[in-house]
């Protein structure tokens with residue numbers, strides 16, 4: 001099993017864990033309570049677990065261990081050439097998704113990944129719209145996805161709503177177990193095929209995300225840079241997870257302003273729907289990692305028997321505990337690590 005590139009940050013994990021919902025009941029404690037992916041139980045640890053060092057890494061999330069299907073819907077617009085840390089946005093997106101330590105290379109044995117790059121050339125005036133380069137979801141899909149993304153370069157426009165609508169039928173028709181999600185990575189306000197300029201395709205994008213949710217497919221949005229308005233990001237996040245637009249309850253959206261934040265955003269979203277292996281947002285000394293606390297369904301797991309550190313960034317849940325995680329039900333996972341063990345990147 002390959003390590004998962006997952007950012008285990010408490011605040012982000014709360015909203016994305018709902019990817020695995022399906023009306024399943026039981027929290028593994030035998031009390032018959034129904035787990036709520038948007039409101040996980042409190043972690044079963046002391047309020048101050050590490051009084052000497054403090055807590056610098058944690059996770060508190062409800063997950064479903066069934067293998068998910070994740071379609072990466074990536075904006076191929078011309079603004080992706082803009083600077084982004086020490087590289088441009090497109091190169092940062094490529095490294096996050098397809099790099100040697102990227103989300104696909106780490107997760108492809110446990111996640112059915114697909115890829116859709118989307119753009120247009122002046123909308124319908126340029127011919128076909130949206131223009132999409134597609135790879136159907138599958139396990140071990142790195143080579144097929146890289147063959148499409150590696151030579152691709154930023155092009156022109158951003159018809160986000162039409163792109164969601166275009167990939168939806170194939171995802172609906174895919175007869176596989178587990179949740180299906182769309183991870184939308186975009187760096188600009190959406191336009192439409194009918195009117196590529198100005199960028200006024202927000203209503204169409206929101207409606208498309210709502211249609212996807214009605215079809216059983218959630219959409220999670222990541223802004224690559226800060227050019228997407230926060231109001232639109234919030235509306236897309238709510239639409240993609242079935243919440244009311246402008247309501248009192250809001251889903252999480254992600255704004256990445258540098259490559260590290262982009263890695264964390266993708267990892268957090270995908271990490272909420274899969275696996276027995278988790279990667280900490282930081283670096284743990286493997287010799288001291290055993291001092292962390294990991295719990296499943298309210299029961300603390302034993303280091304060395306139920307979980308182990310893998311490589312300083314990653315821990316794996318083992319044996320019967322892993323079997324429990326992967327039985328198709330919802331489960332509560334919590335972990336905390338002391339500051340003395342973690343060097344924040």
Considering only residues that are surrounded by fewer than 17 Cβ atoms within 10 Å (Cβ to Cβ) and modelled with pLDDT of 80 or more, look in region 304-317 and name the one that is nearest to residue 107 (Cα to Cα). 308
Residue check: is residue 93 at pLDDT 90 or above, closer than 21 Å to residue 237 by Cβ and crowded, with 21+ Cβ neighbours inside 10 Å? yes
The residue that is modelled with the lowest pLDDT, considering only those in region 260-291 that are surrounded by fewer than 20 Cβ atoms within 10 Å (Cβ to Cβ) and touching a helix residue (DSSP H, G or I) at 6+ places or on another chain (Cβ under 7 Å), is 285
Set 157, 101, 91, 146: member being without any contact (Cβ under 8 Å) to a residue 12 or more places away in the chain and assigned by TED's automatic domain parsing to the domain that holds residue 80: 91
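Kindly provide the set of residues from region 79-95 that are in a loop (DSSP other than H, G, I, E, B) and either closer than 18 Å to residue 255 by Cβ or touching a helix residue (DSSP H, G or I) at 6+ places or on another chain (Cβ under 7 Å) (or both), ordered by number.
Matches in region 79-95: 82, 85.
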Is at least one residue of region 174-185 out of contact with any strand residue (DSSP E or B) (no Cβ under 6 Å at 6 or more places or on another chain), more than 30 Å from residue 306 (Cβ to Cβ) and surrounded by fewer than 21 Cβ atoms within 10 Å (Cβ to Cβ)? yes
Looking only at region 121-145, count every residue that is in contact with a helix residue (DSSP H, G or I) (Cβ under 6 Å, 6 or more places away or on another chain), under 20 Å from residue 81 (Cβ atoms) and assigned to a loop (DSSP other than H, G, I, E, B) and tell me the total. 1
Yes/no for residue 194 being in a loop (DSSP other than H, G, I, E, B), in contact (Cβ under 8 Å) with a residue 40 or more places away in the chain and surrounded by fewer than 24 Cβ atoms within 10 Å (Cβ to Cβ): yes
Do the conditions hold for residue 148, that is, is it surrounded by fewer than 19 Cβ atoms within 10 Å (Cβ to Cβ), assigned to a helix (DSSP H, G or I) and in contact with a strand residue (DSSP E or B) (Cβ under 6 Å, 6 or more places away or on another chain)? yes
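Does region 52-60 include one or more residues that are surrounded by fewer than 16 Cβ atoms within 10 Å (Cβ to Cβ), more than 27 Å from residue 195 (Cα to Cα) and in contact with a strand residue (DSSP E or B) (Cβ under 6 Å, 6 or more places away or on another chain)?
Taking region 52-60 and keeping what is surrounded by fewer than 16 Cβ atoms within 10 Å (Cβ to Cβ), we get 52-54.
From what is left, the residues that are more than 27 Å from residue 195 (Cα to Cα) are 52-54.
So of that shortlist, the ones also in contact with a strand residue (DSSP E or B) (Cβ under 6 Å, 6 or more places away or on another chain) come out as 53.
Yes; the residues of region 52-60 include at least one that is surrounded by fewer than 16 Cβ atoms within 10 Å (Cβ to Cβ), more than 27 Å from residue 195 (Cα to Cα) and in contact with a strand residue (DSSP E or B) (Cβ under 6 Å, 6 or more places away or on another chain).
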Set 182, 222, 164, 206: member being in the same structural domain as residue 256 (by TED's automatic domain parsing), closer than 21 Å to residue 262 by Cβ and in a helix (DSSP H, G or I): 164
Criterion first (closer than 21 Å to residue 63 by Cα, modelled with pLDDT of 80 or more, in contact with a strand residue (DSSP E or B) (Cβ under 8 Å, 6 or more places away or on another chain) and part of a loop (DSSP other than H, G, I, E, B)) does residue 328 satisfy it? no
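The values are calculated or read from the model by the stated rules, or taken from the named source; none is laboratory data. In this text, all values refer to a predicted model and were calculated from it rather than measured experimentally. In this analysis, Cβ positions are derived from the backbone assuming ideal geometry, glycine residues included, and neighbour counts consider all displayed protein chains.
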